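Have a look at the structure below, then the notes.
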Amino acid sequence: MIVVTGATGNIGRTLVPLLAEAGEEVVAVSRQPRPAGLPAGVRHARADVGDAAGMRPVLDGADAFFILLGGELNGHGESPRALLDAAEAAGVKRVVLLSSQINATRPEAPSHSRLRAFEAAVRESGPDFTILRPGGFASNAFAWAESVRTKRTVFAPFADVALPVVDPADIAAVAAAALREDGHAGRTYELTGPEAISPRRQAAVMAEALGEDVAFVELSREEAHAHMARFMPEEAIGGTLDVLGLPLPAEREVSPDVERVLHRPARSFADWAARNLPAFR
């Protein structure tokens, strides 16, 4: 049995069907009641990864456990060790943690202190572990969906700064492999797309997919900060803008890990855009 937390997010809603289609018994965990669209045969559990006591009955009998932090990423909940102890007591043999590239490139980033604590706890835990460190997500482009639909315009800062954004579907596929297959224990995978792509180029790719012109309007850092403040905690905004506008060399690099694990190239931003085009029409 495989327990998947964050089952309704960008990664979980792809990971759960992947595992189910492979014949695995899956428990999809979310804070909300059973969401629509879960595959037949998948059991849903309403629980919070930040509450080890609440997770204990969910983990009972599980062989593998996918940990995705949501609101706990910037929070100050109970010790990560409590969750890992619960997993070990339940007999979990494999743990896969969704972390972040920032933990490698900017190890002092205050926004990721909780996630760093989980990384340390996972490394020290009894079960075999795999840590996934993706860079920026291609799906961050969903933030442009309304302006593309209504104005055929993308508004974004740092127009020509290119980063190798990763398709969440590739993260899910790597997670599925680590949860099901031998050979990933003790590994940390850096997950990126196959090429660096700038926001201006992403807008052009979107225009090509739509078959219509899409304008690009570059925001100042201050304008971008004001926009992000509507949905991001203040302590995370500065670091995010630094990554987007002043990326370190390691944050610009394309990692081979997606291809190494999946034995195929990582999906491009164009692949992601084509699959998600209805959101932008």
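The values are calculated or read from the model by the stated rules, or taken from the named source; none is laboratory data. The structure displayed is predicted, hence computed values, not measured ones. Here Cβ is always computed from backbone atoms with ideal geometry, including for glycine, and neighbour counts include all displayed protein chains. Calculation scope for accessible area: heavy atoms of the full protein, side chains included, ligands and nucleic acids excluded. Shrake-Rupley method; radii C 1.70, N 1.55, O 1.52, S 1.80 Å.
The orientation-averaged shadow of the Cα convex hull for segment 123-281, equal to a quarter of the hull surface, comes to 10.5 nm². Surface analysis of segment 77-138 yields an accessible area of 36 Å² per residue, using protein heavy atoms and a 1.4 Å probe. Here, segment 16-144 is characterised by an Rg to Rh ratio of 0.96, where Rg is the alpha-carbon radius of gyration and Rh the Kirkwood radius.
Distances over 14 Å make up what percent of all Cα-Cα pairs in segment 215-281? In whole percent, the long-distance tail amounts to 74. Express as a percent, rounded to the nearest 5, the fraction of DSSP beta bridges in the chain (both residues included) that run antiparallel. Of the beta bridges lying entirely in the chain, close to 5 percent run antiparallel. Relative to the dominant Cα principal axis of the chain, helix 113-124 is inclined by about 40°. Packing, as the average of other Cβ atoms within 10 Å across residues, places the peptides 89-97, 119-127 in the order 89-97, 119-127, highest first. What a 1.4 Å probe finds exposed on segment 1-89 is 49% carbon and sulfur by accessible area, rounded to a whole percent. Extension gain, Met232 to Glu181: 0.36 nm times the residue separation minus the Cα-Cα distance gives 14.8 nm. For segment 135-214, the fraction of 1.4 Å probe accessible surface lying on carbon and sulfur atoms is 46 percent. When you count the other C-beta atoms within 10 angstrom of each residue and take the mean per peptide, 55-63, 244-252 line up highest first as 55-63, 244-252. Rolling a 1.4 Å probe over the heavy atoms of the protein chains gives segment 169-281 an accessible area of 51 Å² per residue. By the helix-only formula, in which each DSSP H run with n ≥ 4 contributes -39500 (n - 2.57) and the sum is divided by residues, the chain has a 222 nm mean residue ellipticity of -11000 deg cm²/dmol. Comparing Ala45, Ala104, Ala226 in a Gaussian network model of the chain, where Cα atoms under 10 Å apart are tied by springs, the biggest mean-square fluctuation is seen for Ala226.
Local charge for Pro199 was computed over the other residues whose Cβ lies under 11 Å away, with Lys and Arg +1 and Asp and Glu -1, and equals 0.
Angle of helix 12-21 to the longest C-alpha principal axis of the chain, folded into 0 to 90 degrees and rounded to 10: 60°.
Per-residue counts of other Cβ atoms within 10 Å, averaged by peptide: what ranking do you get for 152-160, 180-188, highest first?
Details: 152-160: 18.0, 180-188: 13.0.
Order by mean packing, descending: 152-160, 180-188.
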